[in-house]
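Beneath this line is the structure, given in structure tokens, with notes to follow.
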């Protein structure tokens, strides 16, 4: 039923749900466009694709580590 709720919010995308049982509530945050999120994070950290290719692993000032070991 939860997945059905999100289907109305993300028309054109596959939305699936899990049958889970837990004692604590979980916050579900759908990431619709992962590429945009990564590019935004690179922008916030002032990291270019070239710099990421060169360094391969960069820890940002906001606690995320960006990596691209397979980036051409």
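Determine whether residue 52 is at pLDDT 80 or above, touching a helix residue (DSSP H, G or I) at 6+ places or on another chain (Cβ under 8 Å) and not in a loop (DSSP other than H, G, I, E, B). Yes: the conditions hold for residue 52.
Screening 29, 57, 18, 39 for residues that are modelled with pLDDT under 80 and either over 17 Å from the mean Cα position of the chain (by Cα) or surrounded by 10 or more Cβ atoms within 10 Å (Cβ to Cβ) (or both) leaves exactly one candidate, 18. Taking the criterion of being part of a strand (DSSP E or B) and closer than 17 Å to residue 35 by Cβ, the residues of segment 55-71 that qualify are 66, 67.
The values are calculated or read from the model by the stated rules, or taken from the named source; none is laboratory data. Since the structure is predicted, the reported quantities are computational estimates derived from the model, not experimental observations. With ideal geometry, Cβ positions are generated from the backbone for all residues, glycine too; neighbour counts draw on all protein chains shown.
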